[in-house]
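Written below as structure tokens is the structure these notes are about.
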Amino acid sequence: MRQSEPQRIKGWFYLPESSADRIPGILTWQPDAGASLELIGGFSPRPDFQATSTGGLRATGIVGHVRPGTIYGDSDSGQPVTIWDAQRGKYTAGFTGNVHEEFWHSSWICVGAHIPSPQDPAFTEAKVSIDELYYLTSDQRFCPPQWAKIEGVEHPGETQPDGTLLTPYIFPVVGGYRAEHAEGSTTDARYSVATTATRPWASEATEAMPELKLQMMTTNLRRGQIVTLHAGAHVSIRLPDNVSGSGADFAERMAPIEDLIQLATFDACGVEQITLDADNDVEISLLMHAGKVAQPDDVHGAASVVFTLDDVPLEAFLKTRQRLTTGNQAKYAWNVTVGLCGYTSHIVEEYVSQTLAAAEGFHCWCLEGGERVSLNSRLKALHDQLDPEVQAALGLDTEHWASWAVWARNHVAHGGTKRWRSPRDNFQLHVIGESVHLITYLVALQEFGVPRDKVLDALRNHPRLQVRVQRSSGVNSLPAEPPPGDPA
């Protein structure tokens, strides 16, 4: 079940501690909003009554309190469903306290089992499909078409008097599953990237009747027949020593792979599908709203990948990421830096504040640049760490750029500055923020050992990076200001 698609499940729902009280309802999933459960009736009890000073009784509310937490369900097809961390929202009730409708909301559900809690160690493995992961592999499954002779086709490739032109060809596909295309581990998880491609179903029947293979792969639409071929990748996550873990454990350990893809594409990525394996070999779908919605059916840009797993092996990436994120402050600074890849706030001041905070935190905590260092010095140190050819491709006047970046940070983060500078408009402030994040991002690539040629190629051809390079050079044209400037 893809969490990137809306889902609708009809069934009966109940609290685990009160399994006899089953309420009919509809559970819906929206990728950008999470889960909503609409019950015909509800779990809420009648309200409590308290004595008044006049000897009467007063209801404490329209309905009584019902605890938040886990809700179980059984779909009309018999599939078990679990809603975790559910919170009661709106409801309607009569004067007697009988609930007519009740609405619950949650950020995650699992389909295929009843699991008491997201902290319950019920799973042995998670398989996660994420936007763009396949393009970080070098696993080419589709081969160039080949002209072929096919029985029944006369004069192939020749135009006939009636206009007929038949060109038989074979499209070679390396179907099937390739395990452990790339592997790596951290202190708390083991990761393995696998690739898949469409293959014909194999059975005694298909081997006896080869045409059955084609029939099973063909979709007959009114406009004609379609055979869909798909090549993709997913990452398998296991805990050390293959011990069992909870849904929360595996959800937390997805972050390194998401970081890998965001750095490799300079874009936000969403999770298309999460499948959890239970101890009883049952596969369970986890739907989790994490703020980023996958777009698996969007078109992939040929130049949108900065580096692949051939350039930075998965094991090396994970080790370097672990080094850069050691400590809570380092992890926070890292999350801001990576989170800005492919994201821009609609509020210019917020974006400038975030990019400067990311640069300062990344230099201080991730690179251990020291705590008593001015922002001006940190920015210049980041720029100076870049390969000379990368610096040349950016073409920034380092002193001028750092001075304006410090002023921009003070302007948006300190409620204004004593010494006013006059950019032409707010877009120039935005460009300052973009240039700062671009430098921080390039330093991060260098820490991971991304080849210089790949970086230079991305600065010239990547659809988002090349625009940033062009705009960042505009910082050089901002008016110079004589010292003393604002303190860094």
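Any residue in the stretch 102-124 that is within 17 Å of MET1 (Cα to Cα) and surrounded by fewer than 19 Cβ atoms within 10 Å (Cβ to Cβ) sitting within a Cβ distance under 7 Å of a residue that is small (Gly, Ala, Ser) and modelled with pLDDT of 95 or more? List the pairs, counting only those 6 or more apart or interchain.
SER107/GLY34; GLY112/SER285
Which residue is nearest to ARG321 (Cα to Cα), if the candidates are limited to the stretch 331-350 and must be surrounded by 18 or more Cβ atoms within 10 Å (Cβ to Cβ) and touching a Leu at 6+ places or on another chain (Cβ under 8 Å)?
TRP334
Would it be correct to say that ARG460 is assigned by TED's automatic domain parsing to the domain that holds LEU367 and farther than 19 Å from GLU350 by Cβ? Break it down stepwise before answering.
Details: assigned by TED's automatic domain parsing to the domain that holds LEU367: yes; farther than 19 Å from GLU350 by Cβ: yes.
It is true that ARG460 is assigned by TED's automatic domain parsing to the domain that holds LEU367 and farther than 19 Å from GLU350 by Cβ.
Would you mention how many residues in the stretch 265-310 are over 20 Å from ALA248 (Cα atoms), acidic (Asp, Glu) and within 17 Å of the chain's Cα centre (by Cα)?
Of the residues in that region, 3 qualify.
Here's the yes/no breakdown for (1) part of a helix (DSSP H, G or I); (2) closer than 30 Å to LYS213 by Cβ; (3) in contact with a Gly (Cβ under 8 Å, 6 or more places away or on another chain); (4) in the same structural domain as ASP131 (by TED's automatic domain parsing):
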{"position": "GLY232", "(1), (2), (3), (4)": "no, yes, no, yes"}
{"position": "LEU263", "(1), (2), (3), (4)": "yes, no, no, yes"}
{"position": "ASP267", "(1), (2), (3), (4)": "no, no, yes, yes"}
{"position": "ASP298", "(1), (2), (3), (4)": "no, no, no, no"}
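Would you confirm whether any residue within the stretch 311-319 is part of a loop (DSSP other than H, G, I, E, B), among the charged types (D, E, K, R) and either more than 20 Å from the chain's Cα centre (by Cα) or over 15 Å from GLU258 (Cα atoms) (or both)?
Yes, there is a match, as at least one residue in the stretch 311-319 is part of a loop (DSSP other than H, G, I, E, B), among the charged types (D, E, K, R) and either more than 20 Å from the chain's Cα centre (by Cα) or over 15 Å from GLU258 (Cα atoms) (or both).
Kindly establish whether GLU349 is outside any helix (DSSP H, G or I), within 29 Å of the chain's Cα centre (by Cα) and among the acidic types (Asp, Glu). Walk me through it before giving the result.
Details: outside any helix (DSSP H, G or I): no; within 29 Å of the chain's Cα centre (by Cα): yes; among the acidic types (Asp, Glu): yes.
Answer is no for this residue.
Any chance the stretch 222-240 includes a residue that's out of contact with any Pro (no Cβ under 8 Å at 6 or more places or on another chain), farther than 22 Å from TYR177 by Cβ and in contact (Cβ under 8 Å) with a residue 12 or more places away in the chain?
Yes, the stretch 222-240 contains a residue that is out of contact with any Pro (no Cβ under 8 Å at 6 or more places or on another chain), farther than 22 Å from TYR177 by Cβ and in contact (Cβ under 8 Å) with a residue 12 or more places away in the chain.
Is it the case that the stretch 179-192 has a residue that's over 26 Å from the mean Cα position of the chain (by Cα) and at pLDDT 95 or above?
The answer is no; no qualifying residue exists.
Return only the number of the condition from (1) assigned to a helix (DSSP H, G or I); (2) without any contact (Cβ under 8 Å) to a residue 60 or more places away in the chain that GLY370 does not satisfy.
The single condition GLY370 does not satisfy is (1).
Only one residue in LEU229, LEU221 is hydrophobic (A, V, I, L, M, F, W, C) and either surrounded by 12 or more Cβ atoms within 10 Å (Cβ to Cβ) or closer than 28 Å to PRO31 by Cα (or both). Which one?
LEU229
Within the stretch 150-188, track down each residue that is free of Cβ contacts under 8 Å to residues at least 24 places away in the same chain, touching a strand residue (DSSP E or B) at 6+ places or on another chain (Cβ under 8 Å), part of a loop (DSSP other than H, G, I, E, B) and not polar (S, T, N, Q).
Result: PRO156, GLY157, PRO168.
Just for the stretch 373-390: of the residues that are of a type in the set (D, E, K, R) and part of a helix (DSSP H, G or I), which one is surrounded by the most Cβ atoms within 10 Å (Cβ to Cβ)?
Filtering the stretch 373-390 down to residues of a type in the set (D, E, K, R) leaves 378, 380, 384, 387, 389.
Subset that is part of a helix (DSSP H, G or I): 378, 380, 384, 389.
Values: ARG378: 24, LYS380: 18, ASP384: 11, GLU389: 12.
Among those residues, the one meeting the criterion is ARG378.
How many residues are part of a loop (DSSP other than H, G, I, E, B) and aliphatic (A, V, I, L, M) when one looks only at the stretch 112-149? Steps first, please.
If we filter the stretch 112-149 for residues that are part of a loop (DSSP other than H, G, I, E, B), which is where we start, we get 112-122, 131-132, 137-141, 143-145, 148-149.
Retained after the next criterion (residues that are aliphatic (A, V, I, L, M)): 113, 115, 122, 148.
Final tally of qualifying residues: 4.
Of all residues in the stretch 440-482, which are free of Cβ contacts under 8 Å to residues at least 60 places away in the same chain and not in a helix (DSSP H, G or I)?
Scanning the stretch 440-482 gives PRO479, PRO482.
The values are calculated or read from the model by the stated rules, or taken from the named source; none is laboratory data. Every value quoted in this text rests on a predicted model; they were computed, and no experiment measured them. Methodologically, a virtual Cβ is constructed for each residue, glycine included, from the backbone with ideal geometry; neighbour enumeration extends over all protein chains shown.
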